[in-house]
1. Looking at (1) touching a Phe, Trp or Tyr at 6+ places or on another chain (Cβ under 8 Å); (2) surrounded by fewer than 16 Cβ atoms within 10 Å (Cβ to Cβ); (3) of a type outside the set (Phe, Trp, Tyr), which is the one condition that is false for B:Val104?
2. Restricted to segment B:193-202, and to residues that are within 13 Å of chain A (Cβ to nearest Cβ) and touching a helix residue (DSSP H, G or I) at 6+ places or on another chain (Cβ under 7 Å), which residue is surrounded by the most Cβ atoms within 10 Å (Cβ to Cβ)?
3. For the structure I just gave you, tell me whether A:Ile151 is open to solvent by 40 Å² or more (accessible area, probe 1.4 Å) and within 14 Å of chain B (Cβ to nearest Cβ).
4. Would you please name the residue that is farthest from B:Leu205 (Cα to Cα), looking only at residues in segment B:102-143 that are of a type outside the set (A, V, I, L, M, F, W, C) and in a helix (DSSP H, G or I)?
5. Given A:Leu231, A:Leu216, A:Leu245, which one is more than 8 Å from chain B (Cβ to nearest Cβ) and either out of contact with any Leu (no Cβ under 8 Å at 6 or more places or on another chain) or among the aliphatic types (A, V, I, L, M) (or both)?
6. Would it be correct to say that B:Val172 is more than 21 Å from A:Gly136 (Cα to Cα), open to solvent by 10 Å² or more (accessible area, probe 1.4 Å) and in the same structural domain as B:Leu205 (by TED's automatic domain parsing)?
7. Any idea which residue in segment A:143-196 is farthest from A:Ala64 (Cα to Cα), counting only those that are in contact with an Asp or Glu (Cβ under 9 Å, 6 or more places away or on another chain) and hydroxyl-bearing (Ser, Thr, Tyr)?
Amino acid sequence: MSPGARRRRPPLALALPALLAVAFLAVPLLGVLVDAPWGDLGARLTEPAVTEALRLSLLVSGWALLLSLLLGVPLAWLLARTDFPGRTLVRCLVILPMVLPPTVAGVALAQGFGRRGLLGEQLERFGWTLSFSTAGAVVAATFVAMPFLVISLEGALGGIEPHFEEAAATMGAGPLRTLWLVTLPMLRPALAAGAALCWARALGEFGATITFAGNLPGTTQTLPLKVYLLLQDDPAGATAVSLLLLVVAAGVLITLRGRWVGVLQPGR
Amino acid sequence: MPRTRTPVPTHTPTRRARLLPALLVPAALVLAGCGADDGASGSDGGGGGSEVTLTVLAAASLTDVFEEAGAAYEEERPGTTVRFSFAGSQELVAQLNGGAPADVLVTADTDTMASAAELTGEPETIARNELTIVTPPDNPAGVEELADLGEPGLRLVLAAPEVPAGRYGQEVLRERGVEAEPVSLESSVRAVLGKVRLGEADAGLVYATDAAVAGDDVRTVPIPEEWNVLAAYPAAALNEAEHPDEAADFVSWLNGETARGLLADAGFLAP
């Protein structure tokens, strides 16, 4: 930041509400920190039920990230680089899961991929029943998380001057080779940022999972679902697991800010 | 492949600029909706001097009958508005422990009510309920009796042991000696019903009253009395109630003739 930007003192009319906003966002998180059962935190987080949910959460969010990369990167490229009919519609479709209440996403997933859903019978013929299975939890997480990857990549692609790609093309590289050798390396910071956001969203996914995939320890009960059920009879345990998720999410953001988000900012 | 690299960099910002307001519109609508709602409840009892809004936390299985009971109560007590919050019983107690302001608590079992004993007055049982098996109308897994719930491969959905319906369900299965392997333990009994209605589950254990609410959407397989449970619904005014008199009045009203009638119509058994 240039020193000139700091010279002016912020007017009180802006500083006060801004401070209020900071307090508003910080107080609940402080509450978790204060309320966390620090004494037996280790014991609570290594309980078999919690480690099982953690293992499942890592598995589900890992798969969701992988699927998002496989499907989302090509989609982001198409959205940014080509002009096909209905592009605006597709972009809306991509953004929709970000603004839909996750429970609505869960109902929609059931109507689409559930046993009685649009594709349910076809899927079942292949022996795939998604509801109440870990695969269903992966589908739910991917549905809500992939948009974060697609949108951040599409934005970054829009910011890359196409003449590098054109140069590669004039030297005889095909579109796929150009994507692999030229575009993706330039995109690396955005790709990492988008992937991290996508993964963090998948890790925190709750509503679509409990609605579509159900809640069974070891199969579909990820950490956020565990927190929800712990809250009903072991609030301290819920706080401990919340702290774990909070630390993971904060870790992702801190890494992002330091390494990647800064690179993306224009004018740096 | 069409490689039109038209003015992407200049194009995107304008599109984005248009997108943001588009996203904000639904948010604004939602907020406006809330505002209108508040206004309506505020002006309701404007005529009388005392205008009271009772907040009642009630077990999920009471959802439909309490909506009706609330309307009936408001009619009998002009100036009073009853606001319900429905959830699994344990969750309601968790909300209370978290400091949620409310006047009355109604749970689906006496254990959960007892776990909130420090927060409530003397509870009164207002109704009873029993469990039943529900399946999708076409009964894909051919569930005909309680013992069938132990069939391997059956997609059985129960309520989580954290909520009363889940504990009752385990009790019933244990009574019958059924070793069931549920595919999901839902956070409330209504979520169990939802999974069966959607056809995702082959069978579920819910309250008889939930099955009645679902009507033709589900097929009911009754559980014989010898293995069934008789769930009690206790109601109590909360010590921290904002309107303690009205809260006590509502609890005793729930045991009165009007409420009894509504509860009976909904399939609840007398206390």
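1. (2)
2. Once the filter is applied, the top-ranked residue is B:Ala201.
3. Yes: the conditions hold for A:Ile151.
4. Checking each candidate, the answer is B:Glu118.
5. Checking each option against the conditions leaves just A:Leu245.
6. So B:Val172 fails the test.
7. Here the answer is A:Thr178.
Here is a yes/no grid of residues against (1) among the acidic types (Asp, Glu); (2) within 14 Å of chain B (Cβ to nearest Cβ); (3) not in a helix (DSSP H, G or I):
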position: A:Leu41; (1), (2), (3): no, no, no
position: A:Pro74; (1), (2), (3): no, yes, no
position: A:Trp77; (1), (2), (3): no, yes, no
position: A:Gly117; (1), (2), (3): no, yes, yes
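The values are calculated or read from the model by the stated rules, or taken from the named source; none is laboratory data. In this text the structure is predicted, and so the values were computed from the model without any measurement. Quick reminder, even Gly has a Cβ in these numbers, built from the backbone with ideal geometry, and neighbours come from all protein chains shown. We work out accessible area using only protein heavy atoms, side chains counted, and drop any ligands, DNA or RNA first. Shrake-Rupley method; radii C 1.70, N 1.55, O 1.52, S 1.80 Å.
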